[in-house]
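The values are calculated or read from the model by the stated rules, or taken from the named source; none is laboratory data. Only a predicted model underlies this, so the values are computations on that prediction, with no experimental measurement involved. A quick note on method: Cβ atoms are made from the backbone with ideal geometry, for glycine too, and the neighbour counts reach across all protein chains shown.
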Amino acid sequence: MTQNLDVVVAQYGHVRLPGAKHWAIVVITDSSKLKGVTFQIAGSTNTYEVKQLEEVELLYSNTYMGSVNVGTVHRDYAFGAEGIALGTIVQRTSVVRGNLNWNCQNWVVAALASTEGLLVGPNDS
């Protein structure tokens, strides 16, 4: 069993909302099925909140459009309850309400920036 788990940014969309693209961070736990645990926000401009962790199978979502690998995290640091765990840090990333120029994509960028040192880049050894 590998000790490192891939971390991706997944993009979702809907044919009736061609301009809206939802981003989420997914820690892949089973790469053969593109199955993982997702970190994301939900709501709208005035109600954004960080959602509870959710297990997803990306290939079975009818709104999944693709993903980009942003690095790997050691299994021990993926979901632990300690402050240094990726999941803990990401879940603590603040949301911004009342700003029409802020959305889930801004949150994903901020969440990834806050994990500095935990992720090994996709092209790093």
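Which of the residues belonging to segment 57-67 are in a strand (DSSP E or B) and among the polar types (S, T, N, Q)?
Scanning segment 57-67 gives a single hit, Ser67.
Let's see how each residue does on (1) among the hydroxyl-bearing types (Ser, Thr, Tyr); (2) outside any helix (DSSP H, G or I):
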position	(1), (2)
Ala10	no, yes
Ala20	no, yes
Ile25	no, yes
Thr45	yes, yes
Glu55	no, yes
Asn69	no, yes
Asp76	no, no
Ile84	no, yes
Gly87	no, no
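Checking Gln105 against (1) within 16 Å of Gln11 (Cα to Cα); (2) modelled with pLDDT under 95; (3) in contact with a strand residue (DSSP E or B) (Cβ under 6 Å, 6 or more places away or on another chain); (4) not in a strand (DSSP E or B): exactly one of these is not met. Which one?
Unmet condition: (2).
Of the residues that make up segment 47-61, is at least one on the phi < 0 side of the Ramachandran plot and touching an Asp or Glu at 6+ places or on another chain (Cβ under 8 Å)?
No, the conditions are met nowhere in segment 47-61.
From Val120, Val15, Val95, Val109, grab the single residue that is in contact with a Ser or Thr (Cβ under 8 Å, 6 or more places away or on another chain) and of a type in the set (Val, Ile, Thr).
Of the residues listed, the single one that is in contact with a Ser or Thr (Cβ under 8 Å, 6 or more places away or on another chain) and of a type in the set (Val, Ile, Thr) is Val120.
Given the criterion at pLDDT below 90 and over 18 Å from Gln3 (Cα atoms), identify the matching residue among Gly83, Gly66, Gly87, Gly121.
Within the list Gly83, Gly66, Gly87, Gly121, the selection yields Gly83.
Can you tell me which residue among Ser44, Ser31, Ser67 is polar (S, T, N, Q), within 20 Å of Arg92 (Cα to Cα) and either surrounded by 11 or more Cβ atoms within 10 Å (Cβ to Cβ) or over 13 Å from the mean Cα position of the chain (by Cα) (or both)?
Criteria check complete, one pass: Ser44.
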